[in-house]
Amino acid sequence: MVINRVGPLSSAKVIGLLYAILGLAMGAIISFIAAVGGFAHGGRGPVGPLFGIAAVVFIPVVYGIMGFLMTLIVAGLYNALAQLVGGVEIDLR
């Protein structure tokens, strides 16, 4: 079996969502670290909690968009190169 073409838009949507989920996990970890750091620092100022909230919102959005765009580009490049060299051979059992 040879993969000759990959659907760029469908691949980009799936990978973009996977990266958004990964970004949510990373944002949660960064939020936790910011909260612990804020408590350890004495809780002066709103920087720690605001940074934590921004991490949970901003990082998944950025990860999702970047995953979508990069997958769209790479799938398009794969399709162009697969026409030249014949695609990727996969042995399924």
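The values are calculated or read from the model by the stated rules, or taken from the named source; none is laboratory data. Note that the structure is a prediction, hence the values are computed from the model and not measured. Neighbour counts are summed over all protein chains in view; Cβ atoms, including those assigned to glycine, are modelled from backbone coordinates with ideal geometry.
Residue 30 meets the conditions (1) out of contact with any helix residue (DSSP H, G or I) (no Cβ under 7 Å at 6 or more places or on another chain); (2) at pLDDT below 90 in every case but one. The failed one is (1). Applying the set (1) more than 12 Å from the chain's Cα centre (by Cα); (2) touching a residue at least 40 places away in the same chain (Cβ under 8 Å); (3) surrounded by 12 or more Cβ atoms within 10 Å (Cβ to Cβ) to residue 51 leaves exactly one unmet item: (2). In segment 23-43, the residues that are more than 15 Å from residue 62 (Cα to Cα) reach residues that are assigned to a helix (DSSP H, G or I) and modelled with pLDDT of 85 or more with C-beta atoms within less than 8 angstrom, at least six apart or across chains, in these pairs: 31/56.
Residue selection: residue 36 satisfies the criterion of being modelled with pLDDT under 85, β-branched (Val, Ile, Thr) and at negative phi.
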